[in-house]
Amino acid sequence: MNQNQALKILKTGVNVFLTGEPGSGKTYTINQYVDYLRSENIEPAITASTGIAATHIGGMTIHSWSGIGIKNKLTKAEINIIASHSFTRKRIAKSHVLIIDEISMLGPETLQMVDSVCREVKKNSLPFGGIQVVLVGDFFQLPPVKKVKVIDEFSQENLFEETPLKFAYDAPVWEQAEFVTCYITEQHRQDDTDLLSLLKKIRSNTFDDISLEHLENRKVDSLSIPEHAPKLYSHNIDVDSVNDRMLAKIPKEVQFFPMITKGHEALIQVMKKGCLSPECLYLKVGASVMFTKNNPKEGYVNGTLGVVEGFDRDTELPIVKMRNGREVLVSPADWLVEEDGKLKGRLTQIPLRLAWAITVHKSQGISLDEAVINLSKVFEYGQGYVAISRVKRLAGLYILGWNDLAFQVDETVLKKDQEFRQDSQRAEELFSQIPKAKIRAMELEFIKTCGG
């Protein structure tokens, strides 16, 4: 299926799972659909499973949009409370189209909670309360993470570790919503046949000696890598090492921002491990940074990239210029742990971290002319595939090393992907048989239903 065929199906108002290989134009297709809806005076709800993904489509996280936050499950009472919250209720009540990007990183329990909240707000028993839902993503890419509660004597909520979980398509509502699969088979990021062949072999679990030879030819040592090429690592500790070294090279005065804490020391230590902003933040003019917290009012979310342009003369707070050209004075933010309405722990820090190097997780959805990649510590399916597919040509790939897991794929995803391809072919055939006049009538009826 190509982009135009997928767009035609989207316009009819059916629930859609839009998928395809990296670079196939999933985000482009969604942007085309959003432009179409807005031209008909329909404002879609644009969300994503993570903060960094939300920046790519100009939206917010599905957790924030739906009001579920970081919960793993919801009781009926909790659903009612969320649905009665004025901002959440108004946001969902006026929505007719909900887009969720990077669906591969969303667990089934989260999709179920979104469904429950939408049904309650809309007072409609249909899946997602009758809203058209468009799920976008590729399950060969990064999997979801499970939020596992860390039990301690001070708090029993909001503190988590991350472990792989099942996929969104395992949620009962996936089948109930009758998603039409649109599998885009075009390729717009890469035009390098060797790179495309390599990626297809990883995706089909047929990685062979020829694939290995291509990667061996792009292998470099740490002394031969381009200094200014973005560096992708699987672990934060490697990212921090690179960022600290790059900061030291800037011949400017360093500004220090210490984290302020309140609460029992044992709880604070646990909270620090889960906070993306460092305990000691060092910045200079010219430093590459990434925001670590959502602030829609100021125009940034967790994952937004920028450069430190200066420091405010009065407050000494950093002024960051984002990739879209907007400058923002970055004020301190709070990370809280509460229990029974009482504050148990609080961290206060500038919501930034250095970003010359980023983790593979943060790179998903980005296209790069060149990148330095280290896959020697890959620990989950999809990391190697995502990292390599960021570059446009093999000539832009500089790989430091890899382990046995780097080029493997999840067998369950491989099997499910074959089903998605078949579903997409059937959908393409079915919609091609519908007369144009009937398709147009379906489009007009959906616009009317949405109040457009």
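Could you list all residues from segment 292-314 that are outside any loop (DSSP other than H, G, I, E, B) and among the hydrophobic types (A, V, I, L, M, F, W, C)?
Across segment 292-314, the qualifying residues are L305, V307, V308, F311.
Can you find, within segment 295-310, the residue that is modelled with the highest pLDDT among those that are surrounded by 17 or more Cβ atoms within 10 Å (Cβ to Cβ) and farther than 21 Å from I62 by Cβ?
V308
If you go through segment 1-47 one residue at a time, how many are in a loop (DSSP other than H, G, I, E, B), within 19 Å of F431 (Cβ to Cβ) and not hydroxyl-bearing (S, T, Y)?
Matching residues across segment 1-47 total 6.
Specify the residue that is surrounded by the fewest Cβ atoms within 10 Å (Cβ to Cβ); the eligible residues are those in segment 203-252 that are under 16 Å from I373 (Cβ atoms) and among the hydroxyl-bearing types (S, T, Y).
Filtering first and then ranking leaves S222.
If you go through segment 178-224 one residue at a time, how many are charged (D, E, K, R) and under 14 Å from V391 (Cβ atoms)?
Number satisfying all stated conditions: 5.
Working only within segment 328-351, note down all residues that are among the hydrophobic types (A, V, I, L, M, F, W, C), modelled with pLDDT of 90 or more and surrounded by fewer than 21 Cβ atoms within 10 Å (Cβ to Cβ).
Selection gives V328, L329, A333.
Condition (residue is under 13 Å from L135 (Cβ atoms), in contact with a helix residue (DSSP H, G or I) (Cβ under 7 Å, 6 or more places away or on another chain) and in the same structural domain as K94 (by TED's automatic domain parsing)) applied to segment 8-17: is it met by at least one residue?
yes
With the checklist (1) in a strand (DSSP E or B); (2) among the β-branched types (V, I, T); (3) within 25 Å of the chain's Cα centre (by Cα) in hand, flag the one item T261 doesn't pass.
(3)
Examine segment 239-250 for a residue that is hydroxyl-bearing (S, T, Y) and in contact with an Asp or Glu (Cβ under 9 Å, 6 or more places away or on another chain), and state whether such a residue exists.
So far as segment 239-250 goes, no, none of its residues is hydroxyl-bearing (S, T, Y) and in contact with an Asp or Glu (Cβ under 9 Å, 6 or more places away or on another chain).
The values are calculated or read from the model by the stated rules, or taken from the named source; none is laboratory data. The shown structure was predicted, so the numbers you read here are calculated from the model rather than taken from an experiment. Cβ coordinates were reconstructed from backbone atoms using ideal geometry, including for glycine residues, and neighbour counts include every protein chain displayed.
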